[in-house]
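Notes to accompany the following structure.
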Amino acid sequence: MPEVYSLDDVAFALRAQCCLTDRAFDRFLPDGLRAVSAQYWTPLRVAVRVAIWLEELEIRSVADIGAGVGKFCVVGALASRCRFIGLEQRVRLVTAARSLASAFQVAERVDFLEGALGQVAAPLADAYYFYNPFGENLHFDGHLDDDVELGEARYDRDVEAAGDLLRQAAAGTYAITYNGFGGRMPESYYLLRADRRLACELCLWRKAHGRVRATSSRLSGEHASAA
């Protein structure tokens with residue numbers, strides 16, 4: 001039988017950038033959302049890895065596109081000094097995310113906005129995080145619910161909106177992708193780091209001043225490290 005950790009135990013471990021099991025954290029999610037955590041929310045190991053990168057590069061604000069129940073933002077806030085803004089289209093998930101941030105006492109550095117990318121103004125941040133946020137549109141037998149529009153047409157619009165956000169971002173902006181976002185990174189971004197030891201590829205990109213070589217926007221390993 002797995003050991004049960006208290007909320008304070010989980011928070012203490014994450015502040016030390018120690019990674020517990022996802023089950024240890026997910027028990028603090030609402031019952032109906034806990035069961036789908038492995039399918040929809042960022043794994044703790046990934047969120048802690050990102051937090052370490054944020055600290056090393058002194059990145060101070062991150063916007064999570066498709067924040068869901070807020071797991072990535074809350075874990076990231078515990079494991080770093082960064083500020084997080086989550087954009088989420090489902091009202092009930094925004095409510096759950098705010099409750100999670102309050103429970104872990106990071107609400108002063110974690111905000112959640114209701115809305116869909118392309119329909120509301122994207123949060124301004126030093127970095128944007130994407131965990132394949134639009135893939136649900138293509139999983140016709142695996143939707144979380146029927147509360148929002150889903151489908152191939154919506155998928156295409158969302159991916160285009162993400163590309164527009166990245167293209168319009170200021171030079172020096174970072175992008176973090178875990179299992180991609182559905183499109184190609186704009187050619188103005190170059191790959192800084194990649195971790196391929198996780199279940200999906202985790203990549204850290206940065207927007208250059210002007211266009212960079214096309215090969216650097218592919219997941220070819222150039223400019224990358226396994227750090």
Inset, instruction - Please work out which one of (1) of a type in the set (Asp, Glu); (2) farther than 25 Å from Leu165 by Cβ; (3) in contact (Cβ under 8 Å) with a residue 12 or more places away in the chain is the condition Glu55 fails and give its number. - result: (2)
Inset, instruction - Filter the stretch 108-117 for residues that are within 17 Å of the chain's Cα centre (by Cα) and either hydroxyl-bearing (Ser, Thr, Tyr) or in a loop (DSSP other than H, G, I, E, B) (or both) and give the result. - result: Arg109, Gly115, Ala116
Legend entry - Conditions (1) part of a loop (DSSP other than H, G, I, E, B); (2) modelled with pLDDT of 95 or more; (3) of a type in the set (A, V, I, L, M, F, W, C); number of the one not met by Val148: (2)
Inset, instruction - Scan the stretch 129-158 for residues that are within 23 Å of Arg92 (Cα to Cα), exposed (fewer than 12 other Cβ atoms within 10 Å of the Cβ) and among the hydrophobic types (A, V, I, L, M, F, W, C) and jot them down. - result: Phe140
Legend entry - Whichever residue in the stretch 80-112 is surrounded by fewer than 16 Cβ atoms within 10 Å (Cβ to Cβ) and of a type in the set (A, V, I, L, M) and, among such residues, is farthest from Glu55 (Cα to Cα): Val91
Inset, instruction - Filter the stretch 178-187 down to residues that are in contact with a Ser or Thr (Cβ under 9 Å, 6 or more places away or on another chain) and crowded, with 18+ Cβ neighbours inside 10 Å and give me whichever is nearest to Leu198 (Cα to Cα). - result: Tyr178
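For the stretch 1-44, which positions are basic (Lys, Arg), free of Cβ contacts under 8 Å to residues at least 24 places away in the same chain and under 19 Å from Val106 (Cα atoms)?
Across the stretch 1-44, the qualifying residue is only Arg27.
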Inset, instruction - May I ask you to say which residue of Ala175, Ala125, Ala161 is touching a Ser or Thr at 6+ places or on another chain (Cβ under 6 Å), in contact (Cβ under 8 Å) with a residue 40 or more places away in the chain and either surrounded by 14 or more Cβ atoms within 10 Å (Cβ to Cβ) or assigned to a loop (DSSP other than H, G, I, E, B) (or both)? - result: Ala125
Legend entry - Qualifying residues in the stretch 32-64 (those that are at pLDDT below 95 and exposed (fewer than 15 other Cβ atoms within 10 Å of the Cβ)) - the one nearest to Leu93 (Cα to Cα): Gly32
Legend entry - Pair list, Cβ < 8 Å and 6+ apart or interchain, from the stretch 189-206 residues that are modelled with pLDDT of 95 or more to residues that are basic (Lys, Arg) and part of a strand (DSSP E or B): Tyr189/Arg206; Tyr189/Lys207; Tyr190/Arg206; Leu192/Arg206; Cys203/Arg193; Leu204/Arg193
Inset, instruction - Among the numbered conditions (1) at pLDDT 95 or above; (2) in contact with a strand residue (DSSP E or B) (Cβ under 6 Å, 6 or more places away or on another chain); (3) of a type in the set (Gly, Ala, Ser), tell me where Gly163 comes up short. - result: (2)
Inset, instruction - Could you tell me which residue of the stretch 126-137 is modelled with the lowest pLDDT, considering only residues that are out of contact with any Asp or Glu (no Cβ under 6 Å at 6 or more places or on another chain) and under 14 Å from Gly66 (Cβ atoms)? - result: Asn137
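Tell me the residue from Phe12, Phe72 that is in a helix (DSSP H, G or I) and closer than 20 Å to Leu204 by Cα, please.
Phe72
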Inset, instruction - Looking only at the stretch 68-78, decide whether some residue is in contact (Cβ under 8 Å) with a residue 24 or more places away in the chain, at negative phi and more than 14 Å from the chain's Cα centre (by Cα). - result: yes
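The values are calculated or read from the model by the stated rules, or taken from the named source; none is laboratory data. Note that the coordinates shown come from a computational prediction; the quantities given were computed from them, not determined experimentally. For neighbour counting, all protein chains shown are included, and Cβ atoms are generated from backbone atoms with ideal geometry for every residue, glycine included.
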